[in-house]
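The structure appears right after this line, and notes come after that.
Rule-based calculations on the coordinates, nothing more; no lab input. This one's a predicted model, so the numbers in the text were calculated from it and none came from an experiment.
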């Protein structure tokens with residue numbers, strides 16, 4: 001480990017307030033050590049550095065990774081709700097309200113509800129016309 005100093009930032013925010021802490025750390029310092037040196041937990045007591053989900057410049061990283069000169073270490077807040085579960089719930093609600101097709105989950109096909117499909121009928125008519133014209137030519 002060399003004695004070169006790196007200038008980095010540690011950031012965290014809530015909807016109400018944000019904090020950017022600029023600090024200098026020695027080269028080879030881990031992300032976890034940088035968070036602890038920043039003392040950002042004095043501003044946000046809910047942060048537990050050893051359990052934090054972090055990233056460097058909006059890319060997920062491990063607490064054992066080593067930042068480089070000019071990096072911004074971001075501490076992420078936990079998700080309030082699972083996005084996949086929210087999407088699944090909204091899709092089920094749309095099906096129940098009739099805004100989505102019960103089979104495909106897509107937009108409702110009004111002709112499917114009536115039991116006929118225009119495309120299928122047109123396709124049959126075209127085929128029968130083609131067969132008739134080929135019989136006339138023979």
Relative contact order of the range 1-56 (C-alpha contacts under 8 Å, at least 6 apart) in percent is 30 percent
Kirkwood-based Rg over Rh for the range 5-76 (C-alpha set), two decimals? 0.92
Taking every eigenvalue of the Cα gyration tensor of the range 1-40, multiplying by 5 and rooting it, what semi-axes result, largest first, whole Å? 23, 9, 6
